[in-house]
């Protein structure tokens, strides 16, 4: 009887929105964090693995990211989706690790943090994880090769525009234009997901 | 400066802002526009969300199951941060082998920069003094939350240490448990201690004192000599006073009593490269 009640409790959480789960988690509900983990651990891990190319380090970082969500108030639902908070945090930490690994003490160029908006509604979250993956894959294939390549070099390897320019043997201005156009195109392709 | 630029170049600046590649001149132009058209922030967020969605396109892989177990075990001992600040907790001996402990060190280095850049960027986006004040408040609150989190992690570390002590007692009750004594390589250095191991059991307990201090990014590694091959048994760090009390779980059971400890510069070593600081007494 009690076990059934627990199962029902967990099943109910599966239907909760990210924001509802975050609110429950902040109230000390460990199952809510477990549900968030089940929803996003794969996304966080695949990004960590892509940047770090090491399973152990990627697993360690995955734990770190969810522990951070549990222990800090850094995520604020009105500032953007939980998904983008998790990927932004994962990417930034993964690239920090990458740099400390290669002992390069360069100035860290960063992507901007989440921007606040007036609207708390988030159509992005209305799509299932599978729909999001499908949409983003489709959107990326629509980008011209150079634009996609430059975005991926910057995003996954944390290369600066001038490093990418050297890597691709292209003028800096051209690389900047590719990456900005790439992002604008990506955003345009993801229109229905974002608005 | 008073003139507004057409939508298309403006989009370009918004993208450059999210990508972090604006020149100082472009930053100034964008700041001007954001002051005139606060609604542009919505577009900025869409661009940020689009960029942050890129990892969805990566092939689906799942983290190993132990990550979830470890996470849930860790949070069971650490309450989530709420806005109230915690009372000081007596500092426990740090056990860096647990997953949460190293992350704390990173957080200390990472947070000021992250918060600093966040404050700078949001101030730029809005160009409003009251936003700055709010950011100061958010920063202060985040700092308070961070301090609470650190104290809670200390508590978690102390609890992990208690668990290690219980493991040690359980091991000492086993008739086959063996003690391997380690001595310092530098005869003048006072490092000493023991490794407790039970044949057939992958868990070992390492208890050492007076270890030389590590530089940031360095780890101690325990190695077992298995038929001439050095096998990594795990990595750990020491307290500020050079004390170690950790439980390591070996990848495989080991019967080797020939052990060594080295200092390595990477958390992912598979063969020793750094200087040996301790070795088992023959």
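The numbers here are math on the coordinates, done by the rules we state, and not lab data. Since the structure is predicted, the reported quantities are computational estimates derived from the model, not experimental observations. We place every Cβ from the backbone using ideal geometry, glycine too, and count neighbours over all the protein chains shown.
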(request) Confirm whether residue B:193 is on the phi > 0 side of the Ramachandran plot and buried (at least 19 other Cβ atoms within 10 Å of the Cβ). (result) yes
(message) For segment B:222-234, which positions are more than 14 Å from chain A (Cβ to nearest Cβ) and touching a strand residue (DSSP E or B) at 6+ places or on another chain (Cβ under 9 Å)?
(response) B:222, B:223, B:224, B:225, B:230, B:231, B:233
(message) Out of A:67, A:61, A:89, I need the residue that is over 10 Å from the mean Cα position of the chain (by Cα), crowded, with 21+ Cβ neighbours inside 10 Å and more than 8 Å from chain B (Cβ to nearest Cβ). Which one?
(response) A:61
(message) Can you tell me how many residues within segment B:261-282 are in a loop (DSSP other than H, G, I, E, B) and either over 20 Å from residue A:57 (Cα atoms) or in contact with a strand residue (DSSP E or B) (Cβ under 7 Å, 6 or more places away or on another chain) (or both)?
(response) 10
